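The values are calculated or read from the model by the stated rules, or taken from the named source; none is laboratory data. If you're wondering where the values come from, they're calculated on a predicted model, not measured in any experiment. With ideal geometry, Cβ positions are generated from the backbone for all residues, glycine too; neighbour counts draw on all protein chains shown. Accessible surface areas use protein heavy atoms only, side chains included; no ligands, DNA or RNA. Shrake-Rupley method; radii C 1.70, N 1.55, O 1.52, S 1.80 Å.
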Amino acid sequence: MNSPVVASAQMRDAENAAFAHGISAEHLMNQAGCGIATAIQQFFPHPGHCLVFSGKGNNGGDALVAAANLKRAGWHTDVHLSFPESEGSELLRKKITEFRDTPRVATGASAANLSTTLPLPTVILDGLLGLGSKPPLRDPILAACREINRLRRQHNAFVFAVDQPTGLDGDSGKSDRDCVVADFTVTIAAAKRGLLADDAINFVGRLEVVPLSDLPLETADESVAAAAALRGLLPRRQFEAHKNQFGRVGIVAGSRGFAGAATMSAWGALRGGAGLVEVFVPENIYEIVAAAAPFESMVKPVKSYGDLLNEKIDVWGIGPGLGNENAREIMDLVQRTENSMVVDADALNIISTEVSILKNCRGPRLLTPHPGEMKRLAGDRKISRAELAKNFTAEFPVTLLLKGSRTIVAENGKPISYNTTGNPGMATGGMGDVLTGVCAALIAQKLSLFDAARVGAWVCGRAAEIAIFNGDESEQSLLPRDVLTNLGHAFAEL
C-alpha cells in the first residue's frame, strides 16, 4: 500500500466522503491521536514529560487524544490552551474533558522510576493549527509558536507537529518567520504536498505518516516510503531456503587510502541479506582489505576491472572509494555489465564526464548520488530536487536514489518516492558505502531496483534512528558501523 502525497483539498474531499458514509469526526480523531502517541513512543520508549499546545480546532483534539494515551502509559502531561476553553469546538471541549479525566498510570518503567538513571525526555505537541492553515501567524497562535521554539532552543525539548507545523503552508511549503520548528511531523492519513517542499525540510523534520483505514486516498504521482507502504516487499524466507536463492553480490570498491569503503560496502551487503558477497579490490590494497573485511565475505585482487565482466555475479555494487585512476575500465564495466548494478561515489564521478553512456547500458542501473555528485551528473539546475529527479530519469533509463535529508527515489513511469527515515547524525563519511551494499543485497533478493532503493534508504535511516533513540548514540557520535549494527532491528519493523 503506497502512502500518497496529497493537497489539502484532496484531504478535505476524503474526509467529507468518509462522513457521508457514516464515519464520525471523533472516530477519525481517536485513530489519529492513537497513531500520534505510538509515533512518539517509537522514538521515546520511556515515559517523560509531554506539553500540548492546543488551538481550538480538531488539530488540538488530535493532540489531546495523543496526550491522554501517553498519560495512560505513565507520562507526565500538561495542556496549554491558546484560547479560552469556551471558544473551542464541541469535539475539542469533549477531548479536553476526557484528557482531564484520564488517570496517569504508574508503570514499571514510569518516568519516576527512571529518573535516577535516565534524563526525562520533554516532548511538545504542536496542535495549534492544522489542515488548510496558512501564514501569516497572528496572536495568540503567534505567541504560542514563539514559546514552542523557545522551549526547543533553550530546553532541548523535542517538538512533534500534528499533521503540519503551525505556520507552514501545507500546500506550498512556504513558512511564517515564526513557524514552529518541528523535530518530527506526524501527518495524518497522508503527507501533504507542502511538507515535502525543499524549503520546508528544516521545519518539518522527520516525517511520519499515521494511516487512517477509514480514509482511503487515491494513488498520486508522488508518495512517501513509510513502513506501512514497504511491508510485504521482503517476504519471510521459506524454511528450506539456501544461500544461492539470495544472490551473489560483487562489490567493486576501494583504492589506496580508501580501503575502508570496500569493507563498509561489504558489511552493508551482508547485513542487507545477500547470500554471498565477493569484494574486488586493487592488488595494492588486497592485503589490507583481506585483513579488515568481514570474515563472511570473499576478497579478491583485481589486475584489470575489465576481467570482472567474466565473473559470475548476480548484482554489482560499484564506486565507493574507487578513485579515478582506471576511469576507462570503470566506464566500460558500468556500460557493458548485463546484470543489475548499484553505481555510487567515484563511479558516478567517472560517469559524469560522459553521462550519455547511461542511455546504452546493457543492464539495469541504480544510481545513488549525493547532491554534489548529482550536480556533476545533471548540471547546476535551479529546480527542486523532485523536478531534478523526474527530469533525469525521463532522460536516462535508470533508477535514481538522490540522497539528502529527504532522500528521493525516482524511475520513469513510477511515482516519485520520498524517504521518511534518518537524522542529521548520518551526515558523516561511510553512510553511502553501507547503503550501496544494502541496496545491492536487496536487488539480489529479487526486489526491483525501485523497491530496493526505497527499502534500502528506509532501513538505513531507521537503523540510524534506533541507534540514537533506542541506543546510546547521538547525532554527533553516530557512525556507519552503528547503522550496520541496527539494521536487523530496522528490517524487523518491515
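Just to be sure I understand the curve: with the Debye formula and one point per C-alpha of the chain, what is log10 I(q)/I(0) at q = 0.06, 0.09, 0.11 Å⁻¹?
Rounded to two decimals, the profile gives -0.30, -0.65, -0.91.
In whole percent, what relative contact order does the chain give with Cα contacts below 8 Å and a gap of six or more residues? Walk me through the intermediate numbers first.
On the way: 1097 pairs, mean separation 63.9, N = 494.
About 13 percent, as a whole number.
How many Å³ per residue does the convex hull of the Cα positions in the range 210-326 occupy?
Details: hull volume 20.0 nm³, N = 117.
Given the Cα convex hull of the range 210-326, per-residue volume reads 171 Å³.
Amide H to amide H, which residues 5 or more places from Ile124 or on other chains are under 5 Å from it, using H placed in the peptide plane?
HN-HN under 5 Å from Ile124: Leu51, Phe158, Val159, Phe160.
7 Å from Cα along Cα→Cβ at both Ala17 and Leu309: what's the point-to-point distance in nm?
5.3 nm
I'd like the accessible area for Val159: 1.4 Å probe, protein heavy atoms, all chains in place, Å² to the nearest 10.
For Val159, the solvent-accessible surface is approximately 0 Å².
List the trypsin sites (Lys or Arg not before Pro) in the range 133-165 that DSSP assigns to loop (not H, G, I, E or B) and whose Cβ has at most 11 other Cβ atoms within 10 Å. Which are they? If you can, show how the numbers build up before the last one.
Numbers: sites: Arg138, Arg146, Arg150, Arg152, Arg153; in loops: Arg138.
Answer by residue number: Arg138.
Using only helices, what value at 222 nm comes out for the chain when you add -39,500 (n - 2.57) per DSSP H run of length 4 or more and divide by the total residues, to the nearest 500 deg cm²/dmol?
Details: 17 runs with 190 residues, N = 494.
For the chain, the value works out to -11500 deg cm²/dmol.
Under the 0.36 nm per residue contour assumption, what length would be gained going from the current alpha-carbon distance of Ala290 and Asp472 to full extension? Intermediate results must be reported in sequence, preceding the final value.
Working: separation 182, 0.36 × 182 = 65.52 nm, distance 3.04 nm.
Residue separation times 0.36 nm, minus the Cα-Cα distance, leaves 62.5 nm.
Of Thr219, Leu233, Gln164, which is farthest towards the positive pole of the range 114-239's charge dipole, taken about the Cα centre with +1 and -1 on the beta-carbons of Lys, Arg and Asp, Glu respectively?
The residue sitting most towards the positive pole is Leu233.
Which residues make up the longest stretch of the chain that has no GluC sites (Glu not before Pro) in a DSSP loop with at most 10 other Cβ atoms within 10 Å? Mind showing how you got there, number by number?
Working: sites that count: Glu218, Glu240, Glu338.
With a cap of 10 other Cβ atoms within 10 Å, the longest stretch comes to 1-217.
List the chymotrypsin sites (Phe, Trp or Tyr not before Pro) within the range 173-267 that DSSP assigns to loop and that have no more than 10 neighbouring Cβ atoms inside 10 Å. Mind showing how you got there, number by number?
Working: sites: Phe184, Phe203, Phe239, Phe246, Phe258, Trp267; in loops: Phe239, Phe258.
Counting only loop positions with at most 10 other Cβ atoms within 10 Å, the chymotrypsin sites (Phe, Trp or Tyr not before Pro) in the range 173-267 are Phe239.
What's the FRET efficiency of Gln245 with Glu493 using the Cβ-Cβ distance as r and R₀ = 25 Å, to the nearest 0.05?
On the way: r = 23 Å, r/R0 = 0.93.
Approximately 0.60, to the nearest 0.05.
Could you work out how much longer the chain between Ser24 and His370 gets when fully extended? Use 0.36 nm per residue separation minus the Cα distance between them, nm to one decimal.
Numbers: separation 346, 0.36 × 346 = 124.56 nm, distance 4.51 nm.
Difference between extended and current length: 120.1 nm.
Distance in nm between label sites at Gln238 and Lys94, each 7 Å beyond Cα in the beta-carbon direction?
5.2 nm
Roughly speaking, to the nearest percent, how much of the range 374-494's 1.4 Å accessible area is carbon and sulfur?
On the way: 2170 of 4460 Å².
Summing carbon and sulfur atoms, their accessible area is 49 percent of the total for the range 374-494.
Suppose all protein chains stay in the model; what accessible area per residue would a 1.4 Å probe give for the range 1-88, in Å²?
Numbers: 3500 Å² over 88 residues.
That works out to 40 Å² for each residue.
Using a Förster distance of 51 angstrom, determine the FRET efficiency expected from the C-beta separation of Glu325 and Gln154, and round it to 0.05.
Values: r = 52 Å, r/R0 = 1.01.
That pair, Glu325 with Gln154, gives E of 0.50.
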